[in-house]
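Novice: First the structure, which I've put down as structure tokens, then a few questions once you've had a look.
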Amino acid sequence: FFVDHHDDFVRHISSDDLAVIDSESDLPPSSLLLAFSTYILGCATARERGEQNPAQRSMLVHPSQKTLPQARFVNWLRTTRDHWLQSLALEPDDPDRQDHIDSVWAPAWAELERTVGDLPELDLLLPRCTRVLKNVIFEEVNATSSGTSEVPWAKGPYWVLVGGQLLDRGFTVEGLTITYMPRGMGVGNADTLQQRARFFGYKEGYAAYCRLFLDATVDHAFTSYVRHEEALRA
């Protein structure tokens, strides 16, 4: 992710988007919307191609160890899902539907087309996107009464997990394709940084669908970590 294929997989969350996350805005940051649309379109593409491995495809949002920001992200994503479904349900010649496709799905298609060979045309994938949106499950992963510490993966194939501290250590995210992690690197301890990387693992079979949306300083930390390990082994 961080050396050989860095430019394919890693995207920076802009300072403007980080400011939106830290503010009281009701509108989600644009990078979160791109991450979510890329995830949904990736699921739709895999389904269109009959790619069933892994059985679950998931997106991870890892904003903070505090539970209040986590609930905010869940609300942003659920509201976005509902709005997108309404837009896709408009008549094919409705200009609002075309504006929605141009602003939401065309950028996601262009993002996936960089790494997914022979990507089906967007018009063919949009009905699949509607079905994925209707079936995606949002799960807040934390130790509060509103959250969960165990994900019931068998309930469905499409998952968006939002959480903080519980996702730092020893938590396996099934079929993780899109990671959105706006939190900073903290004190920068190497072991803490590595444990936060839920996106590490055996992903060669579906790596083309994977993206990491990170703060630039966190990206730099991971890249330096990988280069240091390689130097140490050498």
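The values are calculated or read from the model by the stated rules, or taken from the named source; none is laboratory data. Computed from a predicted structure; not experimentally measured. Here Cβ is always computed from backbone atoms with ideal geometry, including for glycine, and neighbour counts include all displayed protein chains. The protein model used for the area step is the full one, side chains on, heavy atoms only, and it has no ligands, DNA or RNA in it. Shrake-Rupley method; radii C 1.70, N 1.55, O 1.52, S 1.80 Å.
Novice: Select, from VAL162, VAL173, VAL187, the only residue that is touching a Leu at 6+ places or on another chain (Cβ under 6 Å) and either open to solvent by 20 Å² or more (accessible area, probe 1.4 Å) or modelled with pLDDT of 85 or more (or both).
Specialist: Unique residue meeting the criteria: VAL173.
Novice: Another question, if that's okay. Any idea which of PRO92, PRO127, PRO120 is modelled with pLDDT of 95 or more, farther than 28 Å from VAL20 by Cα and either in contact with a Gly (Cβ under 7 Å, 6 or more places away or on another chain) or open to solvent by 60 Å² or more (accessible area, probe 1.4 Å) (or both)?
Specialist: Testing whether each residue is modelled with pLDDT of 95 or more, farther than 28 Å from VAL20 by Cα and either in contact with a Gly (Cβ under 7 Å, 6 or more places away or on another chain) or open to solvent by 60 Å² or more (accessible area, probe 1.4 Å) (or both) leaves just PRO127.
Novice: Another question about this same structure. Check off (1) farther than 19 Å from SER30 by Cβ; (2) assigned to a helix (DSSP H, G or I) for SER103 and give me the number that stays unchecked.
Specialist: So the condition that SER103 fails would be (1).
Novice: While we're here: How many of the residues in the range 95-111 are open to solvent by 50 Å² or more (accessible area, probe 1.4 Å) and within 11 Å of CYS129 (Cβ to Cβ)?
Specialist: So the answer is 1.
Novice: For the range 71-81, indicate whether the set of residues that are outside any helix (DSSP H, G or I) and open to solvent by less than 10 Å² (accessible area, probe 1.4 Å) is non-empty.
Specialist: First, the residues of the range 71-81 that are outside any helix (DSSP H, G or I): none.
Checked against the condition, which is being outside any helix (DSSP H, G or I) and open to solvent by less than 10 Å² (accessible area, probe 1.4 Å), the range 71-81 yields no hits at all.
Novice: Let me ask you something else. Given the condition open to solvent by 20 Å² or more (accessible area, probe 1.4 Å) and in a helix (DSSP H, G or I), answer yes or no: does some residue in the range 52-60 qualify?
Specialist: Checked against the condition, which is being open to solvent by 20 Å² or more (accessible area, probe 1.4 Å) and in a helix (DSSP H, G or I), the range 52-60 yields no hits at all.
Novice: Go through the range 201-229 and report how many residues are open to solvent by 50 Å² or more (accessible area, probe 1.4 Å), closer than 15 Å to VAL3 by Cα and touching a residue at least 60 places away in the same chain (Cβ under 8 Å).
Specialist: Here the count works out to 1.
Novice: When you look at GLN86, is it modelled with pLDDT under 95 and part of a helix (DSSP H, G or I), yes or no?
Specialist: no
Novice: Still on this model: List the number of the failed condition for GLU139; all other conditions in (1) touching a helix residue (DSSP H, G or I) at 6+ places or on another chain (Cβ under 9 Å); (2) open to solvent by 30 Å² or more (accessible area, probe 1.4 Å); (3) modelled with pLDDT under 90 hold.
Specialist: (3)
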